[in-house]
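The values are calculated or read from the model by the stated rules, or taken from the named source; none is laboratory data. Being a predicted model, the structure only gives us computed values, none of them experimental. Cβ sites come from the backbone with ideal geometry, for glycine too, and all protein chains shown count toward neighbours. Just so you know, the surface numbers come from the protein's heavy atoms only, side chains and all, with ligands and any DNA or RNA stripped out. Shrake-Rupley method; radii C 1.70, N 1.55, O 1.52, S 1.80 Å.
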Amino acid sequence: MRILKSERFESAEFSDNERFFIELWYSLTHSKSLDTYRVKCMNSRTLIRELSQEIQIGLIKSNGLQCLCDESNECLENDPIISIHFNILYNRIKPYLIEQPQPDKEKDEKRKKELEDKKRDFLYLSKDFSVDLERRYWECLSFELLPAIVSGDKKNIKTLVVSLLSDLIDKGWPIETLFKWHEHFLSDKNTSKYTFEKNLHFMFRYFSNKSQEFEVTLRLMGSNKLVELGSYGDFIFTNNPCNIAAKASKKFTKYNDYICFTQIKLSDSDFLSAAINAKESFEQFVDLLRFDFEPSTLKIDQVCHVRRLVDDKVELPIVKTIVPNPNEDINHSDFKSFIHDLITVSKKPVIEESSNRKIRGSIRQYRFGRDSDNFKDKFLNWWMGLETMCHIGRGDGIGEIVSHNVTMVMVLPYLHRLLLDTIATVKYAEIDWHQDLKSICSGKELDEITVDDLLEIIHSQGHRDILLESCKKSELMYYRCDELFNIFRNPDNLVKKIKTHHNHLLWHLSRLYRIRCCIVHGSDIRFRLSLFTANLEFYLKQATKFVLTIFSSNDHILNLEEIYSRTTLCYNKTIADLSNASAGKQEIRNAVFASITN
């Protein structure tokens, strides 16, 4: 989890709940946040929109529809906006979310007609619900957030902020723009002049504004043929772009025979979003250029010149196609270790050659994705990497097999990953390391503690309370740690946590496969791909590292199919052991350090 240090709040008086909101916003939009603590791809509005569209199209398979309905039902059930403002429609559609009518599988004609009527009712309800959510969901979010902050219901605040941010990203706001907004609340200029409540109202007014008109200028490098073309659609090619601000760098305006500019006017939410969308639109033309006209590689400068037409304000946003994921700092030693593991695995005679080829293929696809300049190409390459390595075993089609194997690989290390992230957070916060905490950790200092040490603290009531007291330096850290420690001290809570994460992975991978099919078959993509692409990158990297570690440390495991089979058995055993009435501290530790070998 990403937190703000307490010093950041010294410029103004904030209530605990206001601090929680600001930190939560910061954490959810931070590009390096663990995906567990990052803004979600979907909320109630976008889920019902997707459901309505999929039912209307009619191509979604029954297992995919079941996943989408289960996900929608869980989200709607836990969304305070739905319970307050949309409860009637939710109660009407809920029976269909639990059990979808499937007339195609019914042989009895009378029963089949009844199911066909119910299927039509399900379609009409989903359409009506979607229309109502599109019309009012944002307004309801903006109305309910401040009362939730005042009341101090942190679970409610978290749910509302996650839904709010998900809504903004779906509407085209870049996560980089959203991330900067925590600074608006902390700015000395704003805190001295405006209250938290006034800043919050200003934020909602800003995000509720209609699209504005922009002129975007892109700098193109690598071709001397474009100016002769004159234009493509709304894009105009020129050597001398008009309306360029004086603050534009000399490098941006520099010209030679292989540099030119293209300009386009468009409506968008802000400067960065306008630059991103202009660049993505122009890349479609680059596809055509490279097909049979321009043999040289054409590059688009990351720096864009964006002018807002209403007031001529100019900004020079940098479009980097940032994939929001936590990056591990890998030094030369770590990289050499990775290479050693890969070479060791490739030379093991017991490992089947097909498994080696699949691992190499997935790493190659990862590189292609990293080198791509747009999210669509990144997405497709990283899905192909997953498919190359994880389309192994029996199942009903590519999507189901890949989703199952990736889910199993991702869910096993999940608990360990959460505790590692917690340790990193308390170290970053430089919490007070009480002598009693040091004693239970065998005399270790804060920067030396391990996952085993944290588990010891969690399972000791007194020590857990001391650690939580130290975590009060950050409202968000205290909330997250208190929530997490209550889960890790109780086997039943841990089973629920694991199963919930398992479901979320399965549901989301089912959606990622549908997006993959849309790209491959040239269908319309109904999502902003940045967060979905980030999920894919994380899954691919973690799955690749997982199988390399297993192969390098176990000479008796022969192929990828065996790894995926073992992960499924390990998952089932972990759930069974934790569900046992006698389960306790040891079973919890076994779940955290779950291993597919005995």
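Points worth noting:
- Put simply, of L415, L446, L454, L437 the only residue that is open to solvent by less than 40 Å² (accessible area, probe 1.4 Å) and touching a residue at least 60 places away in the same chain (Cβ under 8 Å) is L415.
- L51 meets the stated requirement of being among the hydrophobic types (A, V, I, L, M, F, W, C), closer than 30 Å to W25 by Cβ and either outside the structural domain of D421 (by the TED database) or surrounded by fewer than 21 Cβ atoms within 10 Å (Cβ to Cβ) (or both).
- Filter result for V150 (within 25 Å of M477 (Cα to Cα) and open to solvent by less than 40 Å² (accessible area, probe 1.4 Å)): no
Yes/no matrix, rows are residues, columns are (1) under 17 Å from T567 (Cβ atoms); (2) in a helix (DSSP H, G or I); (3) acidic (D, E); (4) open to solvent by less than 40 Å² (accessible area, probe 1.4 Å):
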residue	(1), (2), (3), (4)
K336	no, yes, no, no
V350	no, no, no, no
S354	no, yes, no, no
T407	yes, yes, no, yes
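- From the list G230, G172, the lone residue that is free of Cβ contacts under 8 Å to residues at least 12 places away in the same chain, surrounded by fewer than 20 Cβ atoms within 10 Å (Cβ to Cβ), on the phi > 0 side of the Ramachandran plot and out of contact with any strand residue (DSSP E or B) (no Cβ under 6 Å at 6 or more places or on another chain) is G230.
- Contact annotation: residue pairs with Cβ atoms under 7 Å, 6 or more positions apart or on different chains, pairing a residue in region 1-22 that is within 13 Å of K154 (Cα to Cα) with a partner that is in a helix (DSSP H, G or I) and among the acidic types (D, E), are D16/E475; R19/E475; F20/E475.
- Among the residues of region 271-293, at least one is under 30 Å from L178 (Cβ atoms), open to solvent by 30 Å² or more (accessible area, probe 1.4 Å), assigned to a helix (DSSP H, G or I) and in contact with a Leu (Cβ under 7 Å, 6 or more places away or on another chain).
- Test: F532 is in contact with a Cys (Cβ under 7 Å, 6 or more places away or on another chain), at negative phi and not assigned by the TED database to the domain that holds C69: yes
- Subset of region 571-598 [among the β-branched types (V, I, T) and either surrounded by 17 or more Cβ atoms within 10 Å (Cβ to Cβ) or not in a helix (DSSP H, G or I) (or both)]: T574, I588, V592, I596, T597
- Residues within region 476-526 that are of a type in the set (A, V, I, L, M), in contact with a helix residue (DSSP H, G or I) (Cβ under 7 Å, 6 or more places away or on another chain) and closer than 30 Å to I57 by Cα, tallied: 7
- First in region 399-412 and within 12 Å of C570 (Cα to Cα) and touching a residue at least 24 places away in the same chain (Cβ under 8 Å), second anywhere and among the aliphatic types (A, V, I, L, M) and open to solvent by less than 10 Å² (accessible area, probe 1.4 Å), Cβ under 6 Å, 6 or more apart: V409/A543
- Boolean, D292 is acidic (D, E), closer than 30 Å to I557 by Cβ and at pLDDT below 85: no
- Options F122, F129: the member that is open to solvent by less than 50 Å² (accessible area, probe 1.4 Å), assigned by the TED database to the domain that holds K171 and touching a Pro at 6+ places or on another chain (Cβ under 7 Å): F122
- Listed by first and then second residue, the pairs linking a residue in region 81-104 that is under 13 Å from Y124 (Cα atoms) to a residue that is open to solvent by 70 Å² or more (accessible area, probe 1.4 Å) and basic (K, R), with Cβ atoms under 8 Å apart and 6 or more places separating them unless they lie on different chains, are Y96/K118.
- Residue among T500, T568, T549, T544 that is open to solvent by less than 20 Å² (accessible area, probe 1.4 Å), assigned to a helix (DSSP H, G or I), outside the structural domain of C69 (by the TED database) and of a type in the set (V, I, T): T544
- Only one of the listed residues (D482, D524) is open to solvent by 30 Å² or more (accessible area, probe 1.4 Å) and either touching a residue at least 12 places away in the same chain (Cβ under 8 Å) or of a type in the set (S, T, Y) (or both). That residue is D482.
- Residue in region 252-263 that is open to solvent by 50 Å² or more (accessible area, probe 1.4 Å) and closer than 12 Å to H305 by Cβ present: yes
- Meets criteria (open to solvent by 70 Å² or more (accessible area, probe 1.4 Å) and at pLDDT below 95) for L115: no
- Those residues of region 300-313 which are buried (at least 18 other Cβ atoms within 10 Å of the Cβ) and among the aliphatic types (A, V, I, L, M), in sequence order: I300, V306
- Filter result for G397 (surrounded by fewer than 20 Cβ atoms within 10 Å (Cβ to Cβ), assigned by the TED database to the domain that holds I498 and not aromatic (F, W, Y)): yes
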